[in-house]
Amino acid sequence: MTILIDIRITIQGEPDTAPITRIFQFHNNTDYVILENSIKTIDNKISKKMRININETLNIYLNYIINQLQLNKKGNEITSNLSKLLSPDQVMIGVPESLRKINFKINAEKKQKLNITITEPISTTSYILST
């Protein structure tokens with residue numbers, strides 16, 4: 001089942017940087033197919049031990065949230081697992097610091113509204129610089 005959904009993501013990184021806002025709209029099946037193909041590419045990079053950037057990281061989170069909404073999961077269920085999706089060794093250096101606080105403002109069909117905020121979803125303390 002495809003749901004119509006708009007998601008506004010506000011990202012706060014380092015305290016001395018301005019927040020960044022990204023808007024994602026999924027209004028037909030094609031929008032979901034595009035995200036799905038992006039996720040396949042990102043998963044392929046991760047499987048090859050390549051690190052992903054901020055936009056790819058946001059796509060991972062976005063895909064997870066949409067899938068959980070389609071399964072009718074509650075906000076607290078979604079939030080509890082969101083920070084377990086990626087580890088510091090899967091993202092480029094600087095990504096954890098750039099994503100210190102992420103707010104997802106979700107407007108889905110049937111006037112379903114959800115606000116999800118995660119703080120420090122990726123640890124900044126255990127960088128692996130080389131293997």
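The values are calculated or read from the model by the stated rules, or taken from the named source; none is laboratory data. Just so it is clear, the structure is predicted and the values come from calculations on it, not from any experiment. A quick note on method: Cβ atoms are made from the backbone with ideal geometry, for glycine too, and the neighbour counts reach across all protein chains shown. The area values use the complete protein model at the heavy-atom level, side chains included, leaving out ligands, DNA and RNA. Shrake-Rupley method; radii C 1.70, N 1.55, O 1.52, S 1.80 Å.
Of note:
- Peptides 71-78, 49-56, 14-21 ordered by packing proxy, namely the average of other Cβ atoms within 10 Å per residue, highest first: 49-56, 71-78, 14-21.
- When each of K45/K74; K40/K73; K49/K84; K74/K113; K49/K73 is checked by Cα-Cα distance, pairs over 19 Å: K45/K74; K40/K73; K49/K73
- Estimated 222 nm signal from helices in the chain, with DSSP H stretches of n ≥ 4 weighted -39500 (n - 2.57), rounded to 500: -11500 deg cm²/dmol
- Inverse mean reciprocal Cα-Cα distance (Kirkwood Rh) of the chain, Å: 15.3
- For R51 and I34, the difference between the fully extended length at 0.36 nm per residue and the C-alpha to C-alpha distance is 4.0 nm.
- The residues of the stretch 7-123 have, on average, 57 Å² of accessible surface per residue, using a 1.4 Å probe with all protein chains present.
- The stretch 70-120: Cα Rg divided by the 2.2 N^0.38 Å rule of thumb: 1.33
- The chain - charge dipole about Cα centre, Lys and Arg +1 at Cβ, Asp and Glu -1, debye rounded to 20: 260
- Contour excess over end-to-end distance, with Cα ends at E14 and S83 and 0.36 nm allotted per residue: 23.0 nm
- Split the accessible area of the chain by element, probe 1.4 Å, and carbon with sulfur accounts for 50%.
- Kirkwood hydrodynamic radius (C-alpha pairs) into Stokes-Einstein, the stretch 1-70, 4 °C and 1.567 mPa s, D in µm²/s: 97
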